[in-house]
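Below: one structure, written as structure tokens.
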Amino acid sequence: MKFLEDPMQTMGVGFAMTVVLIMIYMGLTGIGAGEADWGQIILRWVHFLAGITWIGLLYFFNLINASFLKSLDGPTKNIVIPKLMPAALNWFRHGATVTVLAGVLLYGHMYHKGGTGAVALAIGGLLGIIMMGNVHGIIWPNQKKIIAAVTAAAQGTPAPPEMAQWGRTALLASRVNFMLSIPMLFFMGAGSHFR
């Protein structure tokens, strides 16, 4: 069970397990490989995986991390922020991008096949696109400046006076995304139920 000690290996085993379970499922149900709409299945799966990563981190940042960082003193922040935030924000922003790209492709595929709930999915998708714009246009650029400033502060460089404003701007954009995620998730989940 050594693979459980490394998250990337754990994820790899999860992907391998998925393939094995798909083969078992197909064997049990008698569904042939050519009978499934693999394009839609894979796009939906990627959309879900990336979306869970993105929105999970969004909720972590808003419900846990923001208040946790406020509780730290300056020297502790200088240690925590450069170690935690680059990796967390990397998964966050790439999760946003993959979620939206897979969602747009999935929407196009479903629309082409005559899928139902197109308007509900479009509302959810539009909210997701706005949220991704906030990630790449506001949250990440401000967080990148904060990480650089905190890293420099750990080396003795005084923090720039604009750093508080960068943090506030990133926080407010993140809170907007947190707010938008609630109706976005409703419309994404409800799309197939609206006929």
> Out of (1) under 22 Å from Gly189 (Cα atoms); (2) among the small types (Gly, Ala, Ser); (3) out of contact with any Gly (no Cβ under 9 Å at 6 or more places or on another chain), the odd one out for Gly117 is which?
Replying inline: (3)
> Can you tell me which residues in region 128-151 are open to solvent by less than 30 Å² (accessible area, probe 1.4 Å) and of a type in the set (A, V, I, L, M, F, W, C)?
Replying inline: Met131, Val135, Ile139, Ile146, Ile147, Ala149, Val150
> Out of (1) part of a helix (DSSP H, G or I); (2) over 23 Å from Leu172 (Cβ atoms), what's the single condition that is false for Ile31?
Replying inline: (1)
>> Just to check your reading of the model, which residue among Thr53, Thr18 is within 23 Å of the chain's Cα centre (by Cα), within 30 Å of Ile129 (Cβ to Cβ), in a helix (DSSP H, G or I) and outside the structural domain of Leu101 (by the TED database)?
In response: Thr18
> Would you say Gly39 is out of contact with any Asp or Glu (no Cβ under 8 Å at 6 or more places or on another chain), without any contact (Cβ under 8 Å) to a residue 40 or more places away in the chain and either surrounded by 14 or more Cβ atoms within 10 Å (Cβ to Cβ) or part of a helix (DSSP H, G or I) (or both)?
Replying inline: no
> Asn90 fails exactly one of the following numbered conditions: (1) surrounded by 17 or more Cβ atoms within 10 Å (Cβ to Cβ); (2) more than 16 Å from Ala173 (Cβ to Cβ); (3) within 15 Å of the chain's Cα centre (by Cα). What is the number of that condition?
Replying inline: (1)
> Failed condition for Ile24, given (1) open to solvent by 80 Å² or more (accessible area, probe 1.4 Å); (2) closer than 24 Å to Pro141 by Cα, with all others met?
Replying inline: (2)
> Are there any pairs, at least 6 apart or on different chains, whose C-beta atoms fall under 7 Å, with the first in region 130-155 and without any contact (Cβ under 8 Å) to a residue 24 or more places away in the chain and under 15 Å from Pro86 (Cα atoms) and the second part of a helix (DSSP H, G or I) and of a type outside the set (Phe, Trp, Tyr), and if so, which?
Replying inline: Ala149/Met163
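The values are calculated or read from the model by the stated rules, or taken from the named source; none is laboratory data. Because the structure is predicted, anything quoted here is derived from the model rather than measured. Virtual Cβ from ideal backbone geometry, glycine too; neighbours counted across all protein chains shown. The protein model used for the area step is the full one, side chains on, heavy atoms only, and it has no ligands, DNA or RNA in it. Shrake-Rupley method; radii C 1.70, N 1.55, O 1.52, S 1.80 Å.
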